[in-house]
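All remarks here apply to the structure that follows.
The values are calculated or read from the model by the stated rules, or taken from the named source; none is laboratory data. What you see is a predicted model, and the numbers here were worked out from it, not measured in a lab. In this analysis, Cβ positions are derived from the backbone assuming ideal geometry, glycine residues included, and neighbour counts consider all displayed protein chains. Side chains included, ligands, DNA and RNA excluded: accessible areas come from the protein's heavy atoms. Shrake-Rupley method; radii C 1.70, N 1.55, O 1.52, S 1.80 Å.
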Amino acid sequence: MKPLQEIMHNDETYYMNTFGKRNPVAFTHGEGMKLFDTEGKPYLDFFAGIAVNSLGYHHPALTKTIQQQAQKVLHTSSVFYIEQQARLAKLLVTNSCADRVFFCNSGAEANEGAIKLARKYFWNKGEPRPEFITLQSSFHGRTLATVSATGQEKYQKPYAPLVEKFIHVPINDIEAFRAQVTEKTAAVMLELIQGESGVHPIDPAYLAEVRNICDEKGILLIFDEVQTGVGRTGKLFCYENYGVEPDIFTLAKGLGGGVPIGALLAKEPFCAFEPGDHGTTFGGNPLSCACGICVIQELLEHGLIENAERTGAYFQAALKNISSPLIAEVRGMGLMIGVEMTAGIGKTVQKLLQEKGILAGAVGDKILRLVPPLIITEKEVDIFVTNLTAVLAELEKGV
Ligand SMILES: *Cc1c(COP(=O)(O)O)cnc(C)c1O
């Protein structure tokens with residue numbers, strides 16, 4: 001049996017299938033922008049494990065960080081002070097609008113914490129507010145509260161009754177938003193660029209008005225920056241692109257460069273948790289925080305945020321330059337780019353690119369999602385564009 005066949009056999013026999021039919025490839029290792037599969041075939045990676053591998057593969061600083069930390073200690077418990085946790089907290093707070101941070105293990109857990117924090121804030125004031133407003137087509141995670149926050153019925157249906165009460169409004173429609181605001185509204189939770197539903201950026205004027213309404217009504221504004229955060233959009237945090245600050249925001253995907261870590265950040269008045277209110281066993285352990293420090297330092301000290309902005313702009317311009325009737329729209333910010341097709345060929349394009357040794361994400365059947373490592377250069381962008389142009393030309397002949 002070939003290695004891949006054995007992996008597939010064990011997976012299909014022993015693993016709970018929540019992924020449907022997986023892409024029949026398994027990777028053994030990577031280097032920079034490249035991944036290698038069990039047959040030794042190289043791929044240029046524009047997917048990055050869904051916007052996670054911000055430094056690419058086998059990054060020397062991150063590898064060294066993990067090796068050195070493994071030789072010291074991996075986990076101690078938040079019962080004790082943790083040097084790396086305190087350092088990463090300082091690094092994130094001094095580089096953001098937040099005053100404090102809490103570490104956890106994933107995006108869903110960070111958002112779950114944000115929802116609890118908003119509830120606790122109003123509970124402390126003696127005026128509990130039960131309602132949250134989120135967007136249709138949003139994605140906030142798979143725990144029961146975050147699935148309730150997620151504005152997509154397909155993720156919610158089997159889990160009724162959901163957590164009360166999340167109201168979903170259409171993106172960029174300020175009147176629809178205003179119509180749902182009541183004295184019971186605790187918080188609004190938004191992705192600044194909806195990732196999971198196909199790279200849909202929030203309109204700046206809409207966001208500014210949401211901020212105004214929140215200020216007027218004492219409603220907390222939460223940004224889910226699980227995907228947009230940590231340099232991806234050409235700023236350390238995407239809210240900097242908008243000039244609008246949240247009261248609470250969350251991070252996860254890119255923060256550990258592939259090592260699981262999530263973060264919940266808030267301005268001082270909204271740090272409503274008191275001892276015993278919230279917790280985690282693994283969250284903020286020395287290993288994940290050492291990796292977070294390494295990633296943030298690499299971004300800040302080696303120009304990777306500027307690279308996301310510059311190479312992202314180059315990438316978008318090059319994609320817009322492809323003259324194919326099959327491309328309807330190119331959108332996004334920095335290195336978070338969506339390419340919408342005019343026909344339901346997204347999955348086919350993804351497959352044909354993969355045959356040519358290029359990994360891209362597909363959302364639904366029409367949209368390609370490109371979220372490459374932040375170390376990408378123009379050379380790799382050119383390779384992508386050449387291959388996409390060739391794939392689209394093939395498909396145009398077939399149509
Ligand atoms: C991926 C994602 C999540 C969920 O993160 P997990 O680590 O999978 O729990 C939440 N919000 C957004 C915007 C995401 O992209």
Problem - Looking only at the range 1-27, and only at residues there that are open to solvent by less than 100 Å² (accessible area, probe 1.4 Å) and in a loop (DSSP other than H, G, I, E, B), the one that is modelled with the lowest pLDDT - result: 20
Practice task
Considering only residues that are in a helix (DSSP H, G or I) and open to solvent by less than 80 Å² (accessible area, probe 1.4 Å), look in the range 126-168 and name the one that is nearest to the ligand (Cβ to nearest atom).
Solution key: 146
Practice task
Tell me, please, whether a residue that is more than 22 Å from residue 139 (Cβ to Cβ) and surrounded by fewer than 24 Cβ atoms within 10 Å (Cβ to Cβ) can be found in the range 227-234.
Solution key: no
Practice task
Can you confirm whether the range 181-193 contains a residue that is of a type in the set (S, T, N, Q), open to solvent by 50 Å² or more (accessible area, probe 1.4 Å) and more than 16 Å from the ligand (Cβ to nearest atom)?
Solution key: yes
Exercise for the section: Go over the candidates 113, 56 one by one and state the one that is touching a strand residue (DSSP E or B) at 6+ places or on another chain (Cβ under 6 Å), within 16 Å of the ligand (Cβ to nearest atom) and among the small types (Gly, Ala, Ser). Expected result: 113
Exercise for the section: State the number of residues belonging to the range 251-292 that are over 23 Å from residue 232 (Cα atoms) and touching a Pro at 6+ places or on another chain (Cβ under 7 Å). Expected result: 0
Completion exercise
Taking the range 263-304 and keeping only residues that are part of a helix (DSSP H, G or I), more than 16 Å from the ligand (Cβ to nearest atom), hydrophobic (A, V, I, L, M, F, W, C) and open to solvent by less than 50 Å² (accessible area, probe 1.4 Å), one is left with 270, 287, 289, 290, 293, 294, 296, 299, 304
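I'd like to check something: does the range 322-343 contain any residue that is part of a helix (DSSP H, G or I), surrounded by fewer than 21 Cβ atoms within 10 Å (Cβ to Cβ) and over 21 Å from the mean Cα position of the chain (by Cα)? Spell out how you get there, then give the answer.
As a first pass, look at the range 322-343 and keep what is part of a helix (DSSP H, G or I): none.
Among the residues of the range 322-343, not one is part of a helix (DSSP H, G or I), surrounded by fewer than 21 Cβ atoms within 10 Å (Cβ to Cβ) and over 21 Å from the mean Cα position of the chain (by Cα), which makes the answer no.
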Practice task
Restrict the check to the range 93-105 and report whether at least one residue is surrounded by fewer than 19 Cβ atoms within 10 Å (Cβ to Cβ) and closer than 26 Å to residue 332 by Cα.
Solution key: yes
Handout entry: Only one of 40, 30, 49 that is open to solvent by 20 Å² or more (accessible area, probe 1.4 Å), within 23 Å of residue 3 (Cα to Cα) and not in a loop (DSSP other than H, G, I, E, B)
Key = 49
Completion exercise
Residue hits (the range 308-321; polar (S, T, N, Q), open to solvent by 20 Å² or more (accessible area, probe 1.4 Å) and within 23 Å of residue 236 (Cα to Cα)) are 316
Completion exercise
Across the range 52-69, the tally of residues that are open to solvent by 40 Å² or more (accessible area, probe 1.4 Å) and touching a helix residue (DSSP H, G or I) at 6+ places or on another chain (Cβ under 7 Å) stands at 1
Completion exercise
Checked the range 218-262 for anything more than 16 Å from the ligand (Cβ to nearest atom), over 30 Å from residue 31 (Cα atoms) and in contact with a strand residue (DSSP E or B) (Cβ under 7 Å, 6 or more places away or on another chain); matches are 219, 220, 247
